[in-house]
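Heads up: the structure comes next, in structure tokens.
The values are calculated or read from the model by the stated rules, or taken from the named source; none is laboratory data. Bear in mind the structure is a predicted one, so any value in this text is a computation, not a measurement. Virtual Cβ from ideal backbone geometry, glycine too; neighbours counted across all protein chains shown. Side chains are part of the model used for accessible areas, which takes the heavy atoms of the whole protein and leaves out ligands, DNA and RNA. Shrake-Rupley method; radii C 1.70, N 1.55, O 1.52, S 1.80 Å.
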Amino acid sequence: MTTPDLLLTGGRVRTLDPERPSASAIAIADGTIVAVGRDAELRDLAGPATEVIDLGGAAALPGLIDSHTHALPSRIPLRGVDLMDARTLDDVRAAVAAERARCEPDAWIFGWGLDYNAFAETGLHGSLVEDAAGGRPALLRFVDFHTALVTPRALELAGVDGPRHFDQHAEIVCTDGVPTGELRESAAMMLVEAAAPKPTDQERYDMGVETLRRFAAAGLTATHLMDGNLETLDLLRALEGSGELALRVVAPFWIEPDTPRELWVRYARHRDEHGRRWRAGVVKFFIDGVIDSGTAWLYTPDSRGEGTEPFWPDPGRYRDAVAFFADHGFQCVTHACGDRAVREALDAYRNAPGFAGVRHRIEHVETLQPHDLPRFAGQHVIASMQAQHMMWLDPDRGDNWSQRLGTERCDRAFPIRSLLESGAALTLGSDWPVARFDPREGMAAARLRRPPGERDRRPYDDQALDALEALHGYTTWPARTVGHDDRQGRIAPGHWGDVTVFADDPVDCDADELPQNPVLLTVVDGEVTHRADEL
Ligand SMILES: [Zn+2]
């Protein structure tokens, strides 16, 4: 046997390998796990160059994977102030004013993570943050990245002074023909974004490095990106070339309604592109928007009469695109929040050509009609769910999302357990930066159906996963989702050398305390990407 480069000993190893569920030591050589067993069995494998780390009784798990993130900067760059903790309009204004003070005197002000509920009483108007922005151009994205709030100055610089027509379901929201500062969906947001200075290649690279380091420090070893293009592959090459690719990445090409067919053909030629830790081979579509802004596609309208329009003006073109890429051996991924959107995606997948070993997936599935539920298992379509998105939902159904859907559809909110029990394959993810990327919070949210730590708050419903299922949702399930189940998601000989070490085993942890469970060590491909001081 090859001498290991890395030997972890003294751990409580939960392997998720049915052949050998527990162990205390793991040996990794050339990025691959070569032996799993007891300390006494593996100690002799160490050579003079082997790095030995004594885990001191900590819990080692298969390297955690987030199935849905926007971790690398692409068309929608993540910049500016994090507004996720701003719960009220005053909080938002304070955060914008602080960001203004931090930026150059005449720079644009950017922010992300806005909460729709902060505008429940006022409605969405860019003028609400105009003073806080000091009259400067500001572009603030909502938590779901489907809506933005921009100041009058930003509209002026972008030359936007009235409604526009888009080739996708996007909108410059206007009152009496005058833009309010609310922009719905990417085409509308890009119009204003395009007037702001673009991040340079170096800035994009630096953002990527920084984000991947933060992911590694939270125990993540891999992620499935949800947007990308040929530039994303260049960025991955650059990151890997300089040893900064701290996570394994599966990167899709994002296909929009107006993406020309010539570009489909061009993307198809890049299907098998890969590095050591990344690969292409996936396409991502949006078939609707989000329930919060009325852009999700529903069977029947929401309480404000919205939600009956598809994101693709011609859904037939979406089906053609799915068929084209499925025929070229791509895995198709479709964002579908509304029940009608989910059905349309299932229909498109059912009618698409099959390709050996490829299973398509649907992201979010925030509400689902009972007759469509068994189709996930029946068609072998993977349901990719984001339990943290429920943390904004109020068990009394008073929040914007629930109000729009109404009680009956709320009772089918994020049907994670129903899907699991129907035999469907699931996977879990954060959709960062829509929700925090911390997998401990993700697992806790899947178990609690409410935010961790808020013990006196009732769960939204009874669709919770148990602790072991939640762990599978970040290990074996995402590995299966991208067809890596023979080398990822378990600690077993022949699998990739990816390990996450927590102080305590999350399966034994109280879900409310899980986010405080220290991440002691993260190993990707046999390389230590994070090591806490206490280890
Ligand atoms: Zn997403």
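Residues that are over 26 Å from LEU64 (Cα atoms): which strands (runs of 3 or more DSSP E) entirely in the range 178-258 hold 2 or more of them?
178-184
Filter the range 386-442 down to residues that are of a type in the set (A, V, I, L, M) and touching a Lys or Arg at 6+ places or on another chain (Cβ under 8 Å), then give me how many there are.
Matching residues across the range 386-442 total 4.
GLY243 - would you say it is open to solvent by less than 10 Å² (accessible area, probe 1.4 Å) and at positive phi?
no
Restricting attention to the range 191-201, does a residue exist that is within 28 Å of PHE330 (Cβ to Cβ), open to solvent by 30 Å² or more (accessible area, probe 1.4 Å) and within 22 Å of the chain's Cα centre (by Cα)?
The answer is no; no qualifying residue exists.
Among the numbered criteria (1) open to solvent by 10 Å² or more (accessible area, probe 1.4 Å); (2) modelled with pLDDT of 95 or more; (3) under 30 Å from THR367 (Cα atoms), which single criterion is violated by ALA238?
(3)
What strands (runs of 3 or more DSSP E), lying completely within the range 1-104, carry at least 3 residues that are away from the ligand (no atom under 16 Å from the Cβ)?
6-9, 12-14, 25-29, 32-37, 51-54, 59-62
Would you please list the contacts, defined by Cβ atoms under 6 Å and residues six or more apart or on different chains, that run from a residue in the range 393-408 that is small (Gly, Ala, Ser) to a residue that is outside any loop (DSSP other than H, G, I, E, B)?
Every condition considered, the pairs that remain are SER402/CYS410.
Just to check your reading of the model, which residue among ASN400, ASN351 is farther than 23 Å from PRO478 by Cβ, surrounded by 17 or more Cβ atoms within 10 Å (Cβ to Cβ) and among the polar types (S, T, N, Q)?
Being farther than 23 Å from PRO478 by Cβ, surrounded by 17 or more Cβ atoms within 10 Å (Cβ to Cβ) and among the polar types (S, T, N, Q) holds for just one of ASN400, ASN351, which is ASN400.
Restricting the range 10-55 to residues that are in contact with a Leu (Cβ under 7 Å, 6 or more places away or on another chain) and within 21 Å of ASP504 (Cβ to Cβ), which is surrounded by the most Cβ atoms within 10 Å (Cβ to Cβ)?
That would be ILE26.
Do you know which residues across the range 110-147 are assigned to a loop (DSSP other than H, G, I, E, B), open to solvent by less than 20 Å² (accessible area, probe 1.4 Å) and without any contact (Cβ under 8 Å) to a residue 40 or more places away in the chain?
ALA133
Filter the range 363-387 down to the residues that are over 19 Å from ASP485 (Cβ atoms), of a type outside the set (D, E, K, R) and surrounded by 24 or more Cβ atoms within 10 Å (Cβ to Cβ) and list them by number.
Hits for the range 363-387 are HIS364, VAL365, THR367, LEU368, GLN386, ALA387.
Which residues, counting only those in the range 252-282, are hydrophobic (A, V, I, L, M, F, W, C) and more than 23 Å from the chain's Cα centre (by Cα)?
Passing the criteria: LEU263, TRP264, VAL265, ALA268.
With respect to PRO62, is the statement that it is within 30 Å of ALA336 (Cα to Cα) and either touching a Gly at 6+ places or on another chain (Cβ under 9 Å) or open to solvent by 30 Å² or more (accessible area, probe 1.4 Å) (or both) true?
The answer is yes for PRO62.
Please determine whether any residue of the range 71-88 is modelled with pLDDT of 95 or more and crowded, with 17+ Cβ neighbours inside 10 Å.
There is no residue in the range 71-88 that is modelled with pLDDT of 95 or more and crowded, with 17+ Cβ neighbours inside 10 Å.
Run ASP206 past the list (1) in contact (Cβ under 8 Å) with a residue 12 or more places away in the chain; (2) surrounded by fewer than 16 Cβ atoms within 10 Å (Cβ to Cβ) and report the number of the one that doesn't hold.
If we test ASP206 against (1) in contact (Cβ under 8 Å) with a residue 12 or more places away in the chain; (2) surrounded by fewer than 16 Cβ atoms within 10 Å (Cβ to Cβ), just (1) comes out false.
Output the residues belonging to the range 105-159 that are away from the ligand (no atom under 16 Å from the Cβ), among the β-branched types (Val, Ile, Thr) and over 13 Å from GLU182 (Cα atoms).
ILE109 - this is the single residue of the range 105-159 that is away from the ligand (no atom under 16 Å from the Cβ), among the β-branched types (Val, Ile, Thr) and over 13 Å from GLU182 (Cα atoms).
Scan the range 194-203 and give yes if some residue there is at pLDDT below 95 and in contact with a strand residue (DSSP E or B) (Cβ under 8 Å, 6 or more places away or on another chain), otherwise no.
Looking through the range 194-203, at least one residue is at pLDDT below 95 and in contact with a strand residue (DSSP E or B) (Cβ under 8 Å, 6 or more places away or on another chain).
Between ALA341, ALA356, ALA336, ALA326, which is open to solvent by less than 20 Å² (accessible area, probe 1.4 Å) and either away from the ligand (no atom under 16 Å from the Cβ) or more than 29 Å from PHE142 (Cα to Cα) (or both)?
ALA326
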